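Let me begin by presenting the structure, written as structure tokens, before commenting on it.
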Amino acid sequence: MGRKPSIKILHTADWHIGLSSWKTQKEVERLTEQEECLERMLEVAKSEKVDLVLHAGDLFHHSQNPPREAIRVAMKAIFEFSQLAPFVWVVGNHDWYAVEALRKFFPEEVLIIKDFEVRHLEVLGVSIFPLPYLRLAQFLGNDCEGSRQDRAQESLHGRMENWREKRRSSFWNILVAHATIEELAIRYLEAN
């Protein structure tokens with residue numbers, strides 16, 4: 001087997017667009033700073049000629065009803081990044097539950113992932129193995145046996161074991177997670 005072609009990836013996470021901070025007694029609006037930061041990131045992505053943008057969750061700060069201006073800033077950033085390279089967003093715990101509503105406004109170069117299904121980006125030779133934020137009730141379904149933590153870990157290991165057959169040796173196989181991972185057996189995602 002020959003070498004895989006190299007690719008440049010901009011990996012990012014935790015933008016928390018719409019976050020306000022409380023440095024003092026008064027709320028401090030951060031949207032302008034966030035927009036400026038995103039513009040700088042976009043310039044880096046342009047100058048580095050990235051092939052892929054991976055966002056590992058918490059693009060938004062409000063999981064319900066983000067401010068309209070936060071939605072505007074997020075949509076503008078995603079659209080601009082997607083003009084440079086495919087934009088893959090694996091959702092996090094702060095991300096807006098109704099994010100599906102945005103999907104129709106983006107070009108096909110934008111993938112918003114809320115599930116655990118592997119995505120193969122054929123043109124780039126990349127497989128994305130997504131681990132969005134795990135909401136235990138959604139993840140476990142009706143499984144009531146054992147402790148929640150043990151069941152979640154067992155279910156996650158099972159999913160990762162099933163990923164083995166979806167790996168492509170000629171592709172870059174990339175895990176994108178919005179999670180805290182303790183004692184995760186990396187053997188399930190053998191390194192490239």
Problem set entry | Residue check, Gly92 at negative phi, of a type in the set (Gly, Ala, Ser), in contact with a Leu (Cβ under 8 Å, 6 or more places away or on another chain) and surrounded by 15 or more Cβ atoms within 10 Å (Cβ to Cβ) | yes
Problem set entry | Number of the exception - Ser127 against (1) free of Cβ contacts under 8 Å to residues at least 60 places away in the same chain; (2) part of a loop (DSSP other than H, G, I, E, B) | (2)
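Residue by residue, here is whether (1) of a type in the set (Lys, Arg); (2) more than 24 Å from His120 (Cα to Cα); (3) crowded, with 20+ Cβ neighbours inside 10 Å holds:
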residue	(1), (2), (3)
Trp15	no, yes, yes
Gly18	no, yes, yes
Glu39	no, yes, no
His55	no, no, yes
Pro66	no, yes, yes
Ala74	no, yes, yes
Leu84	no, no, no
Ala101	no, no, no
For this session: Those residues that are modelled with pLDDT under 85 and either closer than 13 Å to Ile128 by Cβ or aromatic (Phe, Trp, Tyr) (or both), I need them from segment 81-104; list them, please.
Result: Trp96, Tyr97
Exercise. From Leu175, Leu184, Leu156, Leu134, which residue is modelled with pLDDT of 60 or more, in contact with a helix residue (DSSP H, G or I) (Cβ under 9 Å, 6 or more places away or on another chain), part of a loop (DSSP other than H, G, I, E, B) and under 19 Å from Ala56 (Cα atoms)?
Worked result: Leu134
Problem set entry | Residues of segment 59-94 satisfying the condition of being under 24 Å from Glu108 (Cβ atoms), under 16 Å from the mean Cα position of the chain (by Cα) and not aromatic (Phe, Trp, Tyr) | Leu59, Ala74, Met75, Ala77, Ile78, Ser82, Ala85, Pro86, Val88, Val90, Val91, Gly92
Exercise. Would you call Leu54 closer than 26 Å to Pro130 by Cα, touching a residue at least 60 places away in the same chain (Cβ under 8 Å) and under 14 Å from the mean Cα position of the chain (by Cα)?
Worked result: yes
For this session: Report yes if Val44 is in contact (Cβ under 8 Å) with a residue 12 or more places away in the chain and crowded, with 22+ Cβ neighbours inside 10 Å, otherwise no.
Result: no
For this session: Search segment 160-175 for residues that are on the phi < 0 side of the Ramachandran plot and pair each with any residue that is part of a loop (DSSP other than H, G, I, E, B) and of a type in the set (Val, Ile, Thr) when their beta-carbon atoms are under 8 Å apart and the residues are at least 6 apart or on different chains.
Result: Trp163/Val118; Lys166/Val118; Trp172/Ile7
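The values are calculated or read from the model by the stated rules, or taken from the named source; none is laboratory data. All values reported here derive from a predicted model rather than from experimental measurement. Cβ coordinates were reconstructed from backbone atoms using ideal geometry, including for glycine residues, and neighbour counts include every protein chain displayed.
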